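A short worksheet on the structure shown next.
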Amino acid sequence: MESLISLVVPVYNEAGNVPLLLKSIEEFVHEPYEVLIVYDFPEDDTLPAIAGMSPPAKNVVLVHNTLGKGVLNAYKAGFAVAKGDVIIPVAGDRADDPKDIPLLAEKLRMGADVVCGSRYMRGGAQIGGPFFKQLLSRFAGVSLYYLAGLPTHDATNNFRAYSRRVIDMQIESQVSFALGIELVTKAFRHGWRIEEVPTIWRDRRVGISRFRLWAWLPEYLHWYFLAFSFRWFFCEKARR
């Protein structure tokens, strides 16, 4: 498999963010990479913003999401065409810091299957965003680490590096809010290696968030409690 970092970036009218994101990626990533810009409709204002960049952005691949609207399907469409041995979802609103990409990739190539960007370990932080969203993700991450045994303090963060066999698993989540916790929980269930590195998440500075906490919460809680059932499974297996 090609030694390549595939950055999967779902977009929805992110003209004010994505050109700055692409410049930041060029600044910090100094190894072969591709940026998969996944869009739902041709009129998305992100596309002309990228086309108008001077100098042109490097290593950009435009991917039309035909699986259905929304971030989750955009991730699926991006995963399906990613060519790299390291696959990293990156937020199109610049919430994730590209300077962390090389370390995520390095840790994965050292043998991990998932390397989680962690806001809740030493050195990580979450800046801005709705208070209840912050509280929920922090509680979920810390409780799953200490009580369910997941080897990351931030099970819900989508900014992480995946090996090919992780993204090749069937994705059952119905919303992107639950994708991170689903994939790390399944990797944990398989006994695959999971690591984490500190990252800083910043709330969007340009544009309008499409995050829908209350509509997505049931799906999120499904995977949260399933992670505890896997801990019970391992405990029972150890006792036999």
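The values are calculated or read from the model by the stated rules, or taken from the named source; none is laboratory data. This one's a predicted model, so the numbers in the text were calculated from it and none came from an experiment. Backbone-built Cβ (ideal geometry, glycine too); neighbour counts: all protein chains shown.
Just one of the numbered conditions (1) touching a Gly at 6+ places or on another chain (Cβ under 8 Å); (2) of a type outside the set (Val, Ile, Thr); (3) over 16 Å from Ala77 (Cα atoms) is not true of Leu147: (1). What's the number of the only condition in (1) at pLDDT 90 or above; (2) over 24 Å from Ala74 (Cβ atoms); (3) not aliphatic (A, V, I, L, M) that Asn157 fails to meet? Evaluating Asn157 over (1) at pLDDT 90 or above; (2) over 24 Å from Ala74 (Cβ atoms); (3) not aliphatic (A, V, I, L, M) leaves (2) as the failure.
The single residue among Gly141, Gly92, Gly124 that is among the small types (Gly, Ala, Ser), crowded, with 17+ Cβ neighbours inside 10 Å and touching a Leu at 6+ places or on another chain (Cβ under 8 Å) turns out to be Gly92. Output yes when any residue across the range 132-140 is in contact (Cβ under 8 Å) with a residue 24 or more places away in the chain, charged (D, E, K, R) and over 30 Å from Lys83 (Cα atoms), and no when none is. Yes, there is a match, as at least one residue in the range 132-140 is in contact (Cβ under 8 Å) with a residue 24 or more places away in the chain, charged (D, E, K, R) and over 30 Å from Lys83 (Cα atoms). May I ask you to list the residues in the range 1-17 that are outside any strand (DSSP E or B), touching a strand residue (DSSP E or B) at 6+ places or on another chain (Cβ under 7 Å) and within 23 Å of Lys69 (Cα to Cα)? If the condition is that a residue be outside any strand (DSSP E or B), touching a strand residue (DSSP E or B) at 6+ places or on another chain (Cβ under 7 Å) and within 23 Å of Lys69 (Cα to Cα), then Val11 is the only one that fits. Where helices (runs of 4 or more DSSP H) fall entirely within the range 20-124, those with at least 1 residues that are within 24 Å of Thr156 (Cβ to Cβ) are at 71-81, 101-109.
One residue stands out in the range 18-27 among those that are farther than 21 Å from Asn65 by Cα and either under 18 Å from the mean Cα position of the chain (by Cα) or modelled with pLDDT under 95 (or both): the one that is surrounded by the most Cβ atoms within 10 Å (Cβ to Cβ), namely Ile25.
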